[in-house]
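Any read-out appearing in this document is the output of simple, stated calculations on the displayed coordinates, not a laboratory observation. On a predicted model such as this, the values are computed, not experimentally measured, just so you know. As a convention, Cβ positions derive from the backbone with ideal geometry for all residues, glycine included, and neighbour counts pool all protein chains shown.
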Amino acid sequence: MIKLNLEEGNQYYFRDISWKGNSIYDTETLAGVLGIEAGEVYNKELLETRLRFSQDGRDVSTLYMDNGYLFFQVDPIEVAVEDDSIDLEIRIFEGPQATIDKVVIKGNDRTHEHVIRRELRTRPGQKFSRSDIIRSQREIINLGYFNPESLGINTPVNPQRGTVDIEYTVEEKPSDQLELSAGWGGAQRVIGTLGVSFNNFSLRNVFNKEAWKPLPQGDGQRLSLRAQTNGDFYQSYNLSFTEPWLGGKKPNSLTVATFFNRFAFGRRGTDSYQSFNIKQASVSLGTRLKWPDDNFVSSTAINIQTLTLDNWLRGLFRSDDGEIVQNGNYNNFSLKQTIARSTINDPIFPKEGSRISLSLQLTPPYSLFDGKDDYSEQPASERFRWLEYHKWRFDAEWYTPIVGNLILKAQAKIGLLGFYNREIGSSPFERFQLGGDGINNQQFGFAGVDIISLRGYEINELEANRDPSGGTSATPLFDKFTLELRYPLSLNPSSTIYVLAFAQGGNSWREFRDFNPFDVKRSVGMGLRVFLPMFGVLGFDYGIGFDKVGADRSLQALGDFNIVLGFEPE
């Protein structure tokens with residue numbers, strides 16, 4: 001038997017906190033950063049955090065080191081302990097300012113040095129700044145070309161000269177992706193897919209034979225090619241190219257993309273034949289903003305799209321009054337503006353930071369100047385020949401470390417499709433279809449609506465998605481909220497693996513007056529993700545939907561299994 005006697009003693013409090021040795025910043029400024037008032041319970045861990053290093057950058061050390069004082073030192077001394085109170089004298093050695101001498105990059109055997117160097121916030125001749133080093137580290141990781149776990153930063157100091165060198169050591173990892181698959185589509189026969197994404201491409205070295213190892217790479221450009229077909233029934237061709245630093249001097253990105261999708265049923269030349277074709281070309285220009293801070297990005301895109309329907313009876317495209325849009329040519333010319341802010345520290349498995357974006361996509365209000373007064377007698381093929389709408393999307397996600405590598409992800413998504421003319425109503429295209437896994441319901445690359453996953457529910461289990469004929473259609477309004485706990489099993493860049501548990505809620509509506517953000521279909525579940533550089537994200541989710549309508553309340557009836565192939569669905 002062991003008996004332990006504990007004498008807890010008195011609880012102590014901060015009393016007088018004085019500063020000594022500070023000349024750059026006055027006592028009031030330093031006390032404001034410290035944020036500890038007389039009378040607070042003595043907390044040594046909090047004191048050390050506020051003096052030397054805080055995750056949110058609120059500490060005295062960061063204040064000095066961001067201003068070049070690399071040799072700064074701080075030492076809190078307990079000068080008096082009386083009754084239950086402690087007096088502190090915080091002694092500061094400021095030292096001289098340090099200037100960056102050399103910035104060295106090591107380990108990049110594939111990526112050209114200028115691609116890394118243009119992302120750095122630390123440059124020769126500047127004053128040393130710890131925040132700039134942390135931001136440079138984040139930008140290197142977000143390139144996606146290097147192993148985040150092995151990124152090394154060394155700062156050899158020359159005290160005699162008052163300079164410091166900064167050495168970044170990187171380890172290349174595969175970033176290109178290959179998609180090669182074949183599947184049996186039943187009556188639609190074999191479906192074949194071939195796709196490649198070169199995420200570190202070099203266009204200027206295409207005609208340089210020595211640069212093909214096996215492809216010209218290293219300039220940070222992205223080239224994507226994808227083809228999928230099973231003959232007459234389905235064809236899809238996609239091409240996109242992105243230059244992230246147009247002109248090479250500023251982070252202005254240019255993206256050019258085009259695609260063609262064709263889907264058909266029945267035998268050509270018969271009354272049962274149905275087809276749906278989409279052609280689109282787009283050009284977008286993005287730029288990094290300096291206000292409110294340089295984490296903001298603005299992107300402007302021009303989209304030209306043509307949709308052609310021939311006896312398309314699937315029922316996905318409907319007007320507000322329920323009329324099925326099944327024939328005609330529809331022109332979709334739109335301008336899309338997006339403002340986004342991202343502080344994500346790793347695109348594959350984010351551990352902290354946030355990503356928030358607000359986008360507005362709109363067309364010209366043709367009905368305001370086409371001279372027509374009455375649209376009620378016009379068929380859908382005439383009423384929507386030139387699509388007009390304004391489409392709003394808000395997306396936000398936050399990542400917070402709980403304990404170690406256990407990460408909490410919080411996410412919110414809201415979408416609204418509005419109209420200019422009430423007599424015309426909402427466009428039957430560009431709507432949202434909530435439910436399912438976000439992959440299978442795309443019907444092999446089917447487009448025309450935004451596909452939004454909702455784990456635990458199939459598309460037809462949401463009331464707003466069901467139409468009287470028994471099919472499913474899209475809606476002009478949705479929201480979705482997610483809480484997700486993630487834990488990595490492997491952070492190896494060649495195979496990142498993590499498990500997750502989620503709680504999710506979402507719903508869709510046909511009318512804005514019916515919108516209620518708290519009226520959501522709830523679900524919980526678990527999942528697994530495996531990221532392979534050559535194939536993207538693979539995994540599965542099993543969700544249990546609590547708000548399914550039906551008498552059967554068994555686990556089998558409430559559960560829903562989803563597969564993730566190639567990308568994380570919305």
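Give me 47, 489, 30 sorted ascending by neighbouring Cβ count inside 10 Å, so fewest comes first.
Going from sparsest to densest Cβ surroundings: 489, 47, 30.
For the range 523-570 and the range 257-315, what is the separation of their C-alpha centers, rounded to whole Å?
For the range 523-570 versus the range 257-315, the Cα centre distance is 27 Å.
When the helices in the chain are scored as -39500 (n - 2.57) per DSSP H run of 4 or longer and the sum is shared across all residues, what 222 nm value do you end up with, to the nearest 500 deg cm²/dmol?
Mean residue ellipticity, 222 nm, calculated: -2000 deg cm²/dmol.
For the chain, what is the percent of antiparallel DSSP beta bridges, rounded to the nearest 5?
Roughly 90 percent of the DSSP beta bridges within the chain come out antiparallel.
Specify the inter-centroid distance of the range 371-401 and the range 60-74, based on alpha-carbon positions, in whole Å.
53 Å
What Rg and what Dmax come out for the chain when only alpha-carbon atoms are used, in angstroms?
Gyration radius and largest Cα-Cα distance of the chain: 29.0, 98 Å.
For the range 13-93, what number results from the quotient of the Cα radius of gyration and 2.2 N^0.38 Å?
After normalising by residue count via 2.2 N^0.38 Å, the value is 1.06.
Please compute the net charge surrounding residue 329, taking Lys and Arg as +1 and Asp and Glu as -1 over other residues with Cβ under 14 Å from its Cβ.
It works out to a net charge of +1.
Given the C-alpha centroids of the range 1-34 and the range 199-253, what is the distance between them in whole angstrom?
With the range 1-34 and the range 199-253 each reduced to a Cα centre, they are spaced 58 Å.
Give, rounded to the nearest 20 debye, the magnitude of the charge dipole that the chain has about its Cα centre when Lys and Arg contribute +1 at Cβ and Asp and Glu contribute -1 at Cβ.
Dipole of the chain, to the nearest 20 debye: 2200 debye.
How do 526, 65 rank when sorted from fewest to most other Cβ atoms within 10 Å of their own Cβ?
In order of increasing Cβ crowding within 10 Å: 526, 65.
State the antiparallel share, in %, of DSSP beta bridges confined to the range 13-93, rounding to the nearest 5.
So the antiparallel bridges in the range 13-93 amount to around 60 percent.
What pairs from 209/250; 409/548; 106/249; 173/409; 351/521; 521/548 go past 19 Å between their alpha carbons?
209/250; 409/548; 106/249; 173/409; 351/521, as the Cα separations exceed 19 Å there.
Rounded to the nearest 5, what % of DSSP beta bridges with both residues in the range 289-566 are antiparallel?
So the antiparallel bridges in the range 289-566 amount to around 95 percent.
What are the ³J(HN,Hα) values, in whole Hz, obtained from phi via the Karplus relation 6.51 cos²θ - 1.76 cosθ + 1.60 with θ = phi - 60°, for each residue of the range 119-124 in sequence order, with x given for Gly and Pro?
In residue order, the calculated couplings are 8, 6, 9, 9, 10, x Hz.
Going by C-beta contacts inside 10 Å, put 462, 6, 335 in order with the fewest on the left.
Fewest to most other Cβ atoms nearby, the residues stand as 6, 335, 462.
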